[in-house]
1. Given segment 77-171, what helices (runs of 4 or more DSSP H) lie entirely inside it while holding 1 or more residues that are closer than 24 Å to Glu183 by Cα and in contact with a Pro (Cβ under 8 Å, 6 or more places away or on another chain)?
2. Condition (residue is more than 30 Å from Arg214 (Cα to Cα), open to solvent by 30 Å² or more (accessible area, probe 1.4 Å) and within 18 Å of the chain's Cα centre (by Cα)) applied to segment 141-157: is it met by at least one residue?
3. Kindly state which strands (runs of 3 or more DSSP E) lie completely within segment 180-266 and contain at least 2 residues that are more than 22 Å from Asp151 (Cα to Cα) and open to solvent by 50 Å² or more (accessible area, probe 1.4 Å).
4. Just checking, how many residues over segment 41-58 are assigned to a loop (DSSP other than H, G, I, E, B), surrounded by fewer than 19 Cβ atoms within 10 Å (Cβ to Cβ) and out of contact with any strand residue (DSSP E or B) (no Cβ under 7 Å at 6 or more places or on another chain)?
5. Can you tell me which residue among Asp305, Asp278, Asp249 is charged (D, E, K, R) and over 30 Å from Ser60 (Cα atoms)?
6. Return a yes/no flag: does segment 23-39 have any residue that is in contact with a strand residue (DSSP E or B) (Cβ under 9 Å, 6 or more places away or on another chain) and either buried (at least 19 other Cβ atoms within 10 Å of the Cβ) or part of a loop (DSSP other than H, G, I, E, B) (or both).
7. How many of the residues making up segment 214-235 are over 19 Å from Ser167 (Cα atoms) and either at pLDDT below 95 or under 22 Å from the mean Cα position of the chain (by Cα) (or both)?
8. For segment 59-86, enumerate the residues that are among the charged types (D, E, K, R) and surrounded by 14 or more Cβ atoms within 10 Å (Cβ to Cβ).
Amino acid sequence: MLKNKDLLGLKDTPKEEIQLILDVAEEMKKIVRSPHKKSPYFAGKSMATLFYENSTRTKSSFEFACSYMGGVYSSLNVATSSVNKGESILDTLKTIDSFGTDVIVIRHSMSGVPHVYAPHVRAHIVNAGDGLNEHPTQALLDMLTMRERYDTFRGLKVAILGDVKHSRVARSNVWGLSKMGAEIRICGPGTLLPSGVEKLPGVTVCATVEEAVRDADVVMGLRLQLERMTKGLIPSMGEYHRYFGVDEDMLAKAKKGALLLHPGPVNRNVELSFDVVDCRQSMINEQVTNGVAVRMAVMYLLTRDNKVV
């Protein structure tokens, strides 16, 4: 079981609980990989997704995770819901909670929304991304992908590249990886680095992508989040790729066999060159699979009092 009722971020998640989620996710992945994807771990339970922002991977993976564990789910379409009649976030959550929902997965463009409203509902709240704050299950699936290759996080060199300022994925990875003992190298345009990033635990800010990637065990590109940007933060897409993108030559500067990660969706020839997305070192599709396993583990652990797989 997890100590807190909700999973809102990795900043406040103890190292031991991160380890537990990853351990259970390894077991859940066996179900995802099996030809018969049914288990009783969420039988009699329900999950609802409430996404105020678009999503393919995160939303769908929670739905698959629920189904594979024998639960039922409902996906609220915000565009056609009472939100458009002026219903508040709190009233929407209370309505979903009143259906007897066990887990509510919420994504919102404003930082802190899951934290503000979680205490007001009985259901377990899972943060699927809040503004520029955190995206904990994405970082957990990234960490599961790394752990499958490496025996330990301690001393692991992880390069995180690109639009760090607008990336809740980067923030959750920093909190999670630093707790597990990894060394995090960050590089991006000065306009796309958050203030005080160099003060975050385990973080070294590098002047160039080559410096960040050199001898790295993991290279993680971040999506250029144009929808969150004001104009003038980058000269052009081509210029960005030239100085901050990853191609085969740049990836070759990392350790031999280093993992290439990206939270998706990838803007090809912007964050990553067209070919490198599909190279042998790319774990992008494996991350998607691991996302289902991690979300199975999170829902299972949040709704269990004692027994663990």
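The values are calculated or read from the model by the stated rules, or taken from the named source; none is laboratory data. On a predicted model such as this, the values are computed, not experimentally measured, just so you know. Note that we place each Cβ from the backbone using ideal geometry, even for glycine, and neighbour counts take in every protein chain shown. With ligands, DNA and RNA removed, areas are computed over all heavy atoms of the protein, side chains included. Shrake-Rupley method; radii C 1.70, N 1.55, O 1.52, S 1.80 Å.
1. Result: 136-149.
2. For segment 141-157, residues more than 30 Å from Arg214 (Cα to Cα), open to solvent by 30 Å² or more (accessible area, probe 1.4 Å) and within 18 Å of the chain's Cα centre (by Cα): absent.
3. Correct list: 203-205.
4. Adding up the residues that qualify gives 4.
5. The unique qualifying residue is Asp249.
6. no
7. Summing the residues that are over 19 Å from Ser167 (Cα atoms) and either at pLDDT below 95 or under 22 Å from the mean Cα position of the chain (by Cα) (or both) in segment 214-235 gives 3.
8. Lys59, Glu63 - these are the residues of segment 59-86 that are among the charged types (D, E, K, R) and surrounded by 14 or more Cβ atoms within 10 Å (Cβ to Cβ).
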